[in-house]
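The block underneath contains the structure these notes are about, expressed in structure tokens.
Read-outs: derived from the displayed coordinates by stated rules, not from any lab. Values in this document were obtained by computation on a predicted structure and should not be read as measured data. Methodologically, a virtual Cβ is constructed for each residue, glycine included, from the backbone with ideal geometry; neighbour enumeration extends over all protein chains shown.
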Amino acid sequence: MSRGDTDSLEQKSAAFAAELQTTLDLVLPGERSIFATRASDSDHRFIVQPDGVQGSDRRIPLLVDGEHLASLAVSMYLDMDRTGRHLKTVKSDVIVHSKLDKKPLLRYEYLATMTSSPIAHWHVHAERGALSHLLARAHEHHPKRVSAPHDMSSLHLPVGGERYRPCIEDVLQFLVADCGIDAHPDWEQAVCEGRERWRLRQLASAIRDVPAEAARILTELEWTVTPPANAASTDHRATLRQW
């Protein structure tokens, strides 16, 4: 990666961190600082996360009627996409921790290079007897596929792959609307605006994956579309086929 590419990645990552900061500040009470920093001396990627020393210091308090009952951990690794022009999230972790026992309640994970599990998935740290029964029976017949039948958090619940996975705004709305976490009065507007930005970016990425399909739809809508000379080489369907 050239120096110019590094500068571009650093600048774009800083802008992304500022955008996340704004969304969190408009949704959740309290103060936090979101920064983009180099992942490591040997890793050119940037990581966006709350400021802090490490671990629990970086978690964002989640309050119910002012009482600190849970915490939110967010980290996103950023790089440039295959064209070298657009910012790409290559790894992200969003974890809701219980304040009661410090353990995770929910984990949302995304890894662009994942091959053995869904690229984007939820882990739910909870149990239900009927599901445990199913997994236990399945373990008897497929012990390699169902290796932890009594641990529901070992399951990877797929959520749309690289292009259609949830965004941080979806998680924030779930925490406020379903879990009763304290939020500012206008939190929903901030969430909707952030979600729209995210989905427009994902739409643009999906179009870059299969521009011929985008051209087909635009033609159906009576737009005039002229393909470039190298149109056949711009198709990247692999992303749309991944689990």
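For region 3-209, with the dipole built from +1 on Lys and Arg beta-carbon atoms and -1 on Asp and Glu ones, taken about the Cα centre, which of His150, Ala36, Ala126 lies farthest toward the positive end?
Checked the options; the winner is His150.
Rank the residues Lys144, Lys99, Lys91 as a footprinting-exposure proxy: fewest other Cβ atoms within 10 Å of their Cβ go first.
Values: Lys144 6, Lys99 14, Lys91 18.
Placing the least packed residue first, the sequence is Lys144, Lys99, Lys91.
Could you give each residue of region 195-207 its phi-based ³J(HN,Hα) in whole Hz, using Karplus coefficients 6.51, -1.76, 1.60 with θ = phi - 60°, and x for Gly or Pro?
Per-residue couplings from phi come out as 5, 5, 4, 4, 5, 5, 5, 5, 4, 4, 5, 5, 5 Hz.
Which residue fluctuates most in the GNM of the chain (Cα springs below 10 Å): Trp187, Trp223, Trp122?
Its mean-square fluctuation being the largest, the pick is Trp223.
Stretched out fully, how many nm does the piece from His142 to Ala215 gain, at 0.36 nm a residue minus the Cα gap? It would help to have the intermediate numbers written out before the result.
Values: separation 73, 0.36 × 73 = 26.28 nm, distance 4.49 nm.
The span from His142 to Ala215 would gain 21.8 nm if fully extended.
If you consider only alpha-carbon coordinates, what radius of gyration and Dmax does the chain have, in Å?
20.3, 61
Step by step: find N for region 118-243, compute 2.2 N^0.38 Å, then divide the Cα radius of gyration by it. What's the final number? Could the numbers behind the result be given before it?
Details: Rg = 20.7 Å, N = 126, 2.2 N^0.38 = 13.8 Å.
My calculation over the Cα atoms of region 118-243 gives 1.50.
Please list, or write none, the lysines whose alpha carbon is within less than 23 Å of the alpha carbon of Lys91, excluding same-chain residues fewer than 8 places away.
Counting by Cα, and skipping residues close in sequence, Lys91 has these lysines nearby: Lys12, Lys103.
Per the helix-only calculation at 222 nm, which mean residue ellipticity applies to the chain, given -39500 (n - 2.57) for every DSSP H run of n ≥ 4 and division by its residues, nearest 500 deg cm²/dmol?
Numbers: 7 runs with 85 residues, N = 243.
Helix-only estimate at 222 nm: -11000 deg cm²/dmol.
Round to a whole angstrom and tell me the spacing of the C-alpha centers of region 193-220 and region 101-128.
27
Quick one: dipole size for the chain, taken about the Cα centre, charges +1 on Lys/Arg Cβ and -1 on Asp/Glu Cβ, in debye to the nearest 20.
Details: 29 positive and 34 negative charges, 194 e Å.
Roughly 940 debye for the chain.
To the nearest 0.05, how large is the calculated FRET efficiency for Gln189 and Glu127 if R₀ is 41 Å and r is the Cβ-Cβ distance? It would help to have the intermediate numbers written out before the result.
Working: r = 37 Å, r/R0 = 0.90.
My answer for the efficiency is 0.65.
Rounded to the nearest 0.05, what FRET efficiency is calculated for Thr113 and Asp57 with R0 set to 30 Å and r the Cβ-Cβ distance?
Values: r = 28 Å, r/R0 = 0.94.
Efficiency, rounded to the nearest 0.05: 0.60.
Cut-off is 10 Å between beta-carbons; in what order do Ile60, Ile119 appear when sorted fewest neighbours first? List each step's numbers first, then the result.
Values: Ile60 18, Ile119 22.
The fewest-first ordering by Cβ neighbours comes to Ile60, Ile119.
Each residue of region 34-48 in order: what ³J(HN,Hα) in whole Hz does its phi give by Karplus 6.51 cos²θ - 1.76 cosθ + 1.60, θ = phi - 60°, with x for Gly and Pro?
Listing the rounded values in order: 10, 10, 10, 10, 4, 4, 6, 4, 9, 10, 6, 5, 10, 10, 9 Hz.
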